[in-house]
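Written below as structure tokens is the structure these notes are about.
The values are calculated or read from the model by the stated rules, or taken from the named source; none is laboratory data. Worth saying up front: this structure is predicted, and the values here are computed from it rather than measured. Please note: Cβ atoms are built from the backbone with ideal geometry, for glycine as well, and neighbour counts cover all protein chains shown. Remember, those area values only see protein heavy atoms, side chains included, never the ligands or the DNA or RNA. Shrake-Rupley method; radii C 1.70, N 1.55, O 1.52, S 1.80 Å.
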Amino acid sequence: LTGVLDDCLCDIESIDDFNTFKIFPKIQKLQERDYFRYYKVNLKRPCPFWADDGHCSIKDCHVEPCPESKIPVGIKAGSSNKYSKAANNSKELEDCEQANKLGAVNSTLSNQSKEAFIDWARYDDSQDHFCELDDERSPDAQYVDLLLNPERYTGYKGPSAWRVWNSIYEENCFKPRSVYRPLNPLAPSRGGLHLTIYFIFTGESFYTWLEGLCLEKRVFYKLISGLHASINLHLCANYLLEETWGKPRWGPNVKEFTRRFDPVETKGEGPRRLKNLYFLYLIELRALSKVAPYFERSVVDLYTGNGHEDAESKALLLDIFRDTKSFHMHFDEKSMFAGDKKGAKSLKEEFRLHFKNISRIMDCVGCDKCRLWGKLQTQGLGTALKILFSEKEIQSLPENSPSKGFQLTRQEIVALVNAFGRLSTSIRELQNFKVLLQQTR
């Protein structure tokens with residue numbers, strides 16, 4: 001991959017260098033901070049679009065939550081001040097962690113974290129534009145430690161997985177019914193229906209049509225394609241290579257990467273998808289640079305209850321914002337929705353509703369780990385879009401009082417940072433695969 005990206009004035013090599021030497025090391029550290037490592041999610045919401053086929057039974061997908069008696073009372077109570085410090089002792093925590101094998105989502109938290117969550121719930125303000133958020137007060141919503149539940153290959157595939165991606169592309173990307181998008185030619189006659197999760201569209205006729213769309217609709221497709229490519233890269237880079245005597249070994253799978261992205265294997269599709277990954281990176285990078293004034297105000301804290309850690313987390317976040325501002329080839333979002341006011345407003349609303357629908361489709365993912373990271377990354381992108389479409393509100397924020405025109409909840413902030421962290425990791429992993437491919441030739 002080389003050269004300038006479509007609909008941008010930015011080249012791939014500049015993004016690679018910027019990400020490798022400035023962003024990636026810092027965003028990795030930020031994701032390890034307490035404020036950003038815990039994400040509240042409801043993995044039990046029913047699919048709103050079709051009958052649930054049931055969750056997959058693969059152990060790497062399975063969630064085996066702690067018994068009710070071991071869930072910290074402070075987390076279950078939400079914003080309530082009542083909690084018991086004795087709810088979890090160290091032995092119970094060990095038992096709970098042991099029960100969550102490989103891909104299980106680990107909802108165990110420390111007593112210190114329990115106290116912080118009670119204050120976080122009070123600190124948040126519920127407001128959302130582009131995603132349908134989980135109700136944090138639901139008894140099915142739980143805090144998850146993202147560091148204990150990394151995104152990786154789980155073996156989730158088949159008709160259920162195919163249906164999710166097919167619904168995202170076919171029903172939510174802007175497309176008249178007269179335009180035919182052929183599915184992966186390998187499916188279903190040659191390789192099974194599940195293979196279509198990897199490659200949804202082929203054919204130059206589709207791209208000829210796509211280039212004829214307005215910028216906004218092309219951007220929407222590229223964002224979804226870029227997210228799809230990024231998720232596939234994570235699975236290739238953190239693949240279950242072998243499991244000997246119950247000790248799994250995870251690592252990069254070059255063969256799987258080639259199958260999903262090689263130009264010959266994908267009939268030219270792979271490089272297009274990877275370019276869309278870079279495009280998505282630029283969009284979220286632009287959002288980070290735009291939202292900096294919101295966090296630069298003294299009234300905004302990354303509040304966990306630990307003053308020293310909170311100050312360090314905010315300093316690191318502001319340092320990342322300075323780096324994003326220094327990038328000299330940002331995507332120009334002002335070129336979007338720039339037509340007549342009535343038409344632009346209508347298109348923006350359609351854009352928002354399409355994306356919100358995609359966030360709801362994440363509740364149809366049968367693998368709990370895949371659902372967790374799918375919901376987080378779509379919410380992160382939705383938050384980025386909310387930021388880009390709220391420039392005037394951000395610029396007029398009061399310095400020393402809570403903002404009314406623009407507000408981010410803690411969930412949105414956590415999703416924004418972790419979703420961009422996933423994109424940064426994808427681009428870094430792409431560099432690793434380039435090296436591995438050279439070694440295998």
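Data overview
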{"item": "Column: log10 I(q)/I(0), Debye, Cα scatterers of the range 340-399, q = 0.25, 0.27 Å⁻¹", "result": "-1.00, -1.07"}
{"item": "Percent accessible area from carbon and sulfur atoms, the range 207-364, protein chains only, probe 1.4 Å", "result": "53 percent"}
{"item": "Heavy atoms of Asp332: accessible area, 1.4 Å probe, square angstrom to 10", "result": "80 Å²"}
{"item": "Global geometry of the range 229-296, whether rounded, prolate or oblate, following the gyration tensor of its Cα atoms and the 1.5 cut on a/c", "result": "oblate"}
{"item": "Accessible area, probe 1.4 Å, largest first, for residues Val299, Val435, Val144", "result": "Val435, Val299, Val144"}
{"item": "Accessible surface, the range 1-47, averaged per residue in Å² (probe 1.4 Å)", "result": "46 Å²"}
{"item": "Approximate shape of the range 1-40 as ellipsoid semi-axes (Cα gyration tensor, √5λ), whole Å, largest first", "result": "29, 12, 6"}
{"item": "Farthest toward positive dipole pole in the range 315-417 [+1 Lys/Arg, -1 Asp/Glu at C-beta], among Leu317, Gly374, Phe331", "result": "Gly374"}
{"item": "Cβ-based charge dipole, the range 345-404, positive-most Cα from Val365, Ile394, Ala384", "result": "Val365"}
{"item": "Prolate/oblate/rounded label for the range 304-346 (Cα gyration tensor, a/c 1.5)", "result": "oblate"}
{"item": "Surface accessible to a 1.4 Å probe, Leu215 within the full protein complex, Å²", "result": "30 Å²"}
{"item": "Binned Cα-Cα distance frequencies in the range 296-441 - 5 Å width, integer %", "result": "2, 7, 11, 16, 18, 16, 14, 8, 4, 2, 1, 0"}
{"item": "Solvent-accessible area of Met329 with every protein chain in place, 1.4 Å probe, in Å² to the nearest 10", "result": "30 Å²"}
{"item": "1.4 Å probe accessible area per residue over the range 339-398, in Å²", "result": "38 Å²"}
{"item": "Calculated FRET efficiency for the pair Lys247/Leu213, C-beta based, R₀ 45 Å, to 0.05", "result": "0.35"}
